[in-house]
Amino acid sequence: MKKVYATAAEAIADVDHGAVIMFGGFFSNGSPTNLILALAEKGTKNVTAISNNIGLVDRLDILCQNKQLRKFIGAFPFRATSQGRPPIQEAFLAKEVEVEVVPMGTFVERIRAGGAGIGGFYTPTGIDTVAAEGKEERTINGVRYLLEMPLKADFAFIKAFKADTMGNLIYRGSMRNFNPIMATAARITIADVEEIVEVGELDPEVIITPGIFVDRIVKGPKHDPDGFD
């Protein structure tokens, strides 16, 4: 099965309008920039983006500016800036984009549940806040909990340091944030990597994401706008 693609454009060629996409990265750290830019150029519309944040050196803002987003699900959609409101906030206020804010720990666990095939889980996080609106509440051993549902996606766009041709991945530094868990929770996982080697060249002790979770790999230029990647 071919996993190595020549360009990011080829790797995302079947990402159609209305796709649900997970984007790895914590701010700019470990963000799949080459795949994001390819998606912006492709012009896919009505995307539901699942990501920790948007627009903090991660290039996801470009999808908002291009009016490609329908919904954003994540922990940190808005930010204070001296340049005024960020594009996602402007789009939200104009009712062009729906935003679902999820506490970060709950966000990660919902993705893990999606990858593990778990139907839902109870957490006390968010009780008596806006995060509780519309959710089932249950008291267990005297503690109030909210029912949270798993997050899954059509595609996961993730960033890794190095891959072999079978899709086994290793990460560098803080690339190992949301990327490994997102790789498990999508129908198709596409990895933006800095280096591709032959099978057997990676130390199996440092492989974090097994190739069984990775469908496509593309090597692209390194983006380091603020020294974070």
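Values quoted throughout were computed directly from the atomic coordinates according to the rules given, and no laboratory measurement underlies them. None of these values were measured; they are calculated from a predicted model.
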Checklist entry - Does region 30-122 come out rounded, prolate or oblate, given a ≥ b ≥ c as the square roots of the eigenvalues of its C-alpha gyration tensor, rounded meaning a/c under 1.5 and, failing that, prolate meaning a/b above b/c? => result prolate
Item to check | Alpha carbon Rg of region 144-192, scaled by the compact-globule rule 2.2 N^0.38 Å | outcome: 1.36
Checklist outcome for this item: Whole-Hz Karplus couplings 3J(HN,Hα) for region 12-27, θ = phi - 60° and coefficients 6.51, -1.76, 1.60, Gly and Pro as x, run 10, 4, 9, 7, 8, 3, x, 5, 9, 10, 8, 10, x, x, 10, 6
Checklist outcome for this item: For the chain, the longest principal axis of the Cα atoms and the Cα long axis of helix 104-116 enclose an angle in degrees, to the nearest 10, of 60 degrees
Next on the checklist: How much of the pair distance distribution for region 1-42 lies past 11 Å, counting alpha-carbon pairs only, in percent?
Outcome noted: 70 percent
Checklist outcome for this item: Quick shape summary for the chain, equivalent ellipsoid via Cα gyration tensor, semi-axes whole Å in descending order, reads 29, 22, 15
Checklist entry - How big is region 87-194 on each of its three principal axes, counting only the C-alpha atoms and giving the largest first in Å? => result 50, 41, 26
Checklist entry - Once the Cα atoms of helix 33-42 and of the chain are each reduced to a long axis, what angle between those two axes, in degrees from 0 to 90 to the nearest 10, is obtained? => result 80 degrees
